[in-house]
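The values are calculated or read from the model by the stated rules, or taken from the named source; none is laboratory data. Source: prediction; values computed, not measured. Positions of Cβ are generated from backbone atoms using ideal geometry, with glycine treated the same way; all protein chains shown enter the neighbour counts. Accessible surface areas use protein heavy atoms only, side chains included; no ligands, DNA or RNA. Shrake-Rupley method; radii C 1.70, N 1.55, O 1.52, S 1.80 Å.
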Protein chains: 4
Amino acid sequence: MALDWLETIAQHRVFDLAHPLEPAMPVSPNHPGYRMALVRRHGDIVRSDGGSAANEMIVLGGHTGTHLDALAHVSHDGLLYGGVDAARAQRGGRFQCLGIDEVEPIFARGVLLDVPRFRGVDVLPAAEPIGADELRRVAHAQGVDLPRGGAVLIRSGWAHHWSDPHTYLGHTSGVPGPDASAAEWIAAAQPRVTGHDSMAYEHLPPGAGHAVLPAHRVLLVEHGVHIIENLDLERLAAQQMYEFLFVCLPLKFVGATGSPVRPIAVAP
Amino acid sequence: MALDWLETIAQHRVFDLAHPLEPAMPVSPNHPGYRMALVRRHGDIVRSDGGSAANEMIVLGGHTGTHLDALAHVSHDGLLYGGVDAARAQRGGRFQCLGIDEVEPIFARGVLLDVPRFRGVDVLPAAEPIGADELRRVAHAQGVDLPRGGAVLIRSGWAHHWSDPHTYLGHTSGVPGPDASAAEWIAAAQPRVTGHDSMAYEHLPPGAGHAVLPAHRVLLVEHGVHIIENLDLERLAAQQMYEFLFVCLPLKFVGATGSPVRPIAVAP
Amino acid sequence: MALDWLETIAQHRVFDLAHPLEPAMPVSPNHPGYRMALVRRHGDIVRSDGGSAANEMIVLGGHTGTHLDALAHVSHDGLLYGGVDAARAQRGGRFQCLGIDEVEPIFARGVLLDVPRFRGVDVLPAAEPIGADELRRVAHAQGVDLPRGGAVLIRSGWAHHWSDPHTYLGHTSGVPGPDASAAEWIAAAQPRVTGHDSMAYEHLPPGAGHAVLPAHRVLLVEHGVHIIENLDLERLAAQQMYEFLFVCLPLKFVGATGSPVRPIAVAP
Amino acid sequence: MALDWLETIAQHRVFDLAHPLEPAMPVSPNHPGYRMALVRRHGDIVRSDGGSAANEMIVLGGHTGTHLDALAHVSHDGLLYGGVDAARAQRGGRFQCLGIDEVEPIFARGVLLDVPRFRGVDVLPAAEPIGADELRRVAHAQGVDLPRGGAVLIRSGWAHHWSDPHTYLGHTSGVPGPDASAAEWIAAAQPRVTGHDSMAYEHLPPGAGHAVLPAHRVLLVEHGVHIIENLDLERLAAQQMYEFLFVCLPLKFVGATGSPVRPIAVAP
């Protein structure tokens, strides 16, 4: 006696947009590495009925793997989004406001803007900026508009390098990504979140590292738009799936600035 | 130009079924405690343009807070689900199969069976078993059937005690929960997952602790049904929302036995 | 052809003054719990010659178990020892000065003041203050004076309760320990370090918790004397060993405020 | 009224043989990285009297930085030192025997064998083996014999590369160190411990990594001699201090395979 809408939507295809979490994955040097160790293994303790359990201890950062940035993550001139004083918000060792625990579940319309497909290449070159003009043309070519209150995912194809942390992080070669004009254009559409398939979301020129992060300033600080980094958009792009239900459910680490996530795109 | 189905579903109500993650929450003594510490705070390093970032280090278990059990979590007589040899699967320090990283996103029909409402109480008493017969009558009274491939959520109201870890864990007093007959009845419906609002999912008699965990054996080992523990079903129950879209997206910790999750229920 | 002094001293008795580190031990709620998990076990990976290795991941606080406080640990009115501005010293997320990494190895004369023996009891009662007058009389009775540049260890016998964390922490009942007058008297002797066999070093009245910590202020902030907590002085006291070589070698966690230690007392 | 021997020895020089612990230091990829984060900073919570405290959470491996190997660390053909069954000893997730918590404080005669000085160079070349014959000649030239029950420290000068983790780890170039003959010669003298100034203690040929670790087998498994890795012997060597009191106090992590240490050498 299931409801019709439920019957229908439960048949939709689900695209997993997250990378697996393992020690060898790329990690920004500013953040703790990822480690999982089994505390107990099967056989360590066996219950009277033959049952046994295994479990683990995990160490990670809030910005490990595919993850979402809370608004508390970045400040500008001492202020967080909405003019909140950063020093005051972080007093006590966890953010009193704008932390990841305040992010409501994201369950909204999402669009993918596939830049390399628009250009006819597999992956954008290192250090290639993605500007507002190009994104506008990609959206037009794909026939999508940006979803107010939803999710805007920008693909560079950089996830191809995920298994090669040195290239992926691109400290010397740079990394492709949205520049300030792109961030402004996205923010103007008032989505809740925007994501990219690189570590920093940002366009990084060669050798400059994270000297400045203009897209973070525009999106997080000025417009309150969350950022998702390290997306895996490859399967979604292969299916030319440009519009979908986007679901992202960050863990509520009280007072933290980010959370690993496993976003999905859902479509008929 | 958004698609109709997307316009519609994006308007649905979203119920957050997870507790916040903080050090004071209940933790089973078999599992590592939860801790978050800010590695960097705003002002620690300020970029040339006035930007600054905060981030954290987090320590937790795979079975911290609201979480999902992978099939690798429990064995019986040395075997995991499907007859997999547990000792072999765990060799190397991470599960080669049946780990949390193999759990596909859960996006399916879900039902809530609200036992205390059926009984006309707020919360079940400590150490109260929930049997198959009662669940059958609850389902009938609510007019729902169990969703094959979906989610079966059983409410005891025990989440009322979440902020009082001693009572919630119930080492001396016991904890209400599904007994073996309930687990068999749920498993027979072939859902992908079943969840409860207590630490162990199981009915725990007073003073017995986790001596044996029959529902884990039936569900995880014999039928391959995932278990979610520490759900917060209060808001969902208050709305008498018994049928919904259930979404649960465990993190892909490679080779681990569980993951904190933030499940949601979605309904018009 | 070993040197004479070496031959002699290497025959001395060595008293281990540290508790073992395990998850069940007492931990102050302000500090992270202790956990150790084996990352690899023997057999996980076997080298071509039959060799295999096991290793672990450990999570702890700088103030876990028997530990030494760096001068960076406590401030008063915003200032650390020597008038160092605490806010400035901690900027960057690790102490630029007065951290545990600046503590030179401690290899010096030490004395034990055994208060319960002086009183003719096994253990001091909960919430019992130890004042300067009594310590002066204990020292006189034992025939020791305080070692300038050395170590002053005060015994209450509270280590008897180590295996019972509830009693040991004494949140409701209080804990015996040196009061402000004792701290002043010890500081006047200019030792490098003073230690005690409780979690806080301080006298804690019933139900007051760590409302104020006067001995920390006097010792760490005003006089630059390090504090060791959670010593196990039982074997030393049983031998009535009141004067000895004291060795304590804190780990150099750069910029941290404390380190677990395993101090020893050495005597003929 | 201090004792004479105490007055004398407390004047001796103390040489610190440990590297500082910080995230940028070399870490073997088999082991967890090191991280320290301040949980609380001064000002987060201020007591009524103006007092405030800072503390931290630390993640590390038992084999982080300068550290000592317990006998549980390495097995050969499934057996630990003394024929102990490795699988049985590690059941439960912590070693029931031969763990680091069983290592008594080391307070004994120590000698330094300075190989590069004997050769007239600053640092041995990468991938250079140190054999028993050469060590015998070094000991003779220096006029020391090996201390039964004591410590034998072998210097290659490799600590010069500590601040350059790529070179220090030497995955491609190899690392100098004692070969199997050296380990046999050292073990025959029955010291309690032997140490070296590299990550693996062992001679590592170019590109071979840790394919086999013969010195670990000889020392830990066959003779029960502990190994210290990543020593900083530079100051000791600069003073040509070849015989000394050696003190090393591993933390008692119950059931673990190693501990960071801060060994010292003490001499008039």
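Between copies, B:Q96 shows label-point distances of 2.6, 5.3, 5.4 nm, shortest first, with the point placed 7 angstrom from Cα along Cα to C-beta.
Helices in chain A, meaning DSSP H runs of at least 4 residues, each add -39500 (n - 2.57). Divided by all residues, the mean residue ellipticity at 222 nm is -4000 deg cm²/dmol.
Taking a ≥ b ≥ c as the square roots of the Cα gyration tensor eigenvalues, with a/c under 1.5 meaning rounded and otherwise prolate when a/b beats b/c, else oblate, which class fits the stretch A:117-268? Rounded is the answer for the stretch A:117-268, as its axis ratio a/c remains below 1.5.
With the simple spin-label model, which puts each label point 7 Å out from Cα in the Cβ direction, the A:D133 to C:Q190 separation comes to 7.5 nm. Among C:S181, C:S48, C:S75, the residue with the largest mean-square fluctuation in a Gaussian network model of chain C, with springs joining Cα atoms closer than 10 Å, is C:S48. Note on chain D: with a GNM built from Cα contacts shorter than 10 Å, the maximum mean-square fluctuation among D:A211, D:A108, D:A187 falls on D:A211. All C-alpha pair distances within the protein assembly as shown, sorted into 20 Å bins from zero, spread as 12, 40, 36, 11, 1 percent across the bins.
Projecting label points 7 angstrom from Cα along Cα→Cβ for B:A208 and D:D77 puts them 4.8 nm apart. Taking a ≥ b ≥ c as the square roots of the eigenvalues of the Cα gyration tensor, an a/c ratio below 1.5 marks chain D as rounded.
Couplings 3J(HN,Hα) of the stretch D:215-221, computed from phi: 5, 4, 4, 4, 7, 6, 7 Hz, in residue order, whole Hz [Karplus 6.51 cos²θ - 1.76 cosθ + 1.60, θ = phi - 60°; x for Gly and Pro]. Solvent exposure of chain A, expressed per residue, is 33 Å² of accessible area, with all protein chains present and a 1.4 angstrom probe.
Once you reduce the stretch C:124-191 and the stretch D:102-179 to the center of their Cα atoms, the two points are 44 Å from each other. Near A:F95, once Lys and Arg are set to +1 and Asp and Glu to -1 for all other residues with Cβ below 11 Å from its Cβ, the sum equals +1. A:C97 exposes around 40 Å² of accessible area when a 1.4 Å probe is run over every protein chain in place.
How high is the FRET efficiency between A:D145 and A:S173 when r is their beta carbon distance and R₀ equals 30 Å, given to the nearest 0.05? Intermediate values should be presented prior to the final figure.
Details: r = 34 Å, r/R0 = 1.13.
The pair A:D145/A:S173 has a calculated efficiency of 0.35.
Relative contact order for the stretch C:17-138: 16 percent, from Cα pairs under 8 Å spaced at least 6 residues apart, divided by residue count.
Across the stretch B:28-39, coupling constants 3J(HN,Hα) worked out from phi with the 6.51/-1.76/1.60 Karplus curve, θ = phi - 60°, read 5, x, 6, 10, x, x, 9, 8, 10, 9, 6, 6 Hz, and Gly and Pro carry x. Per-residue extension of 0.36 nm, minus the Cα-Cα distance of D:E22 and D:Q239, leaves a gain of 75.4 nm for this segment. 3J(HN,Hα) along the stretch A:160-176: 3, 9, 3, 7, 10, x, 4, 5, 4, 6, x, 4, 9, 8, x, 9, x Hz, from the Karplus curve 6.51 cos²θ - 1.76 cosθ + 1.60 with θ = phi - 60°, whole Hz, x for Gly and Pro. A point 7 Å from Cα along Cα→Cβ stands in for C:D164, and the other copies hold the same point at 2.5, 5.9, 6.4 nm, listed in rising order. Close amide-amide hydrogen proximity is noted between D:G258 and D:A70, D:I100, each under 5 Å apart and 5 or more residues distant or on a separate chain (H modeled in the peptide plane; Pro and chain starts excluded). Close amide-amide hydrogen proximity is noted between D:L204 and D:A127, D:V175, D:G177, each under 5 Å apart and 5 or more residues distant or on a separate chain (H modeled in the peptide plane; Pro and chain starts excluded). Near the amide H of B:I45, within less than 5 Å, lie the amide hydrogens of B:A53, all on another chain or at least 5 residues away, with H placed in the peptide plane.
Note on D:R91 and D:R119: with the Förster distance fixed at 56 Å, the Cβ-Cβ geometry gives a FRET efficiency of about 0.75.
Taking chain B as a Gaussian network, Cα atoms linked when under 10 Å apart, which of B:N30, B:N55, B:N230 shows the biggest mean-square fluctuation? Looking only at B:N30, B:N55, B:N230, the biggest GNM fluctuation is shown by B:N55. Of all beta-carbon atoms in chain C, the one sitting closest to the axis that brings chain C onto chain A gives C:A37, 2, with the distance in whole angstrom. Counting from the shortest, the label point at B:E222, 7 Å from Cα toward Cβ, is 5.4, 6.2, 6.9 nm from the same position in each remaining copy.
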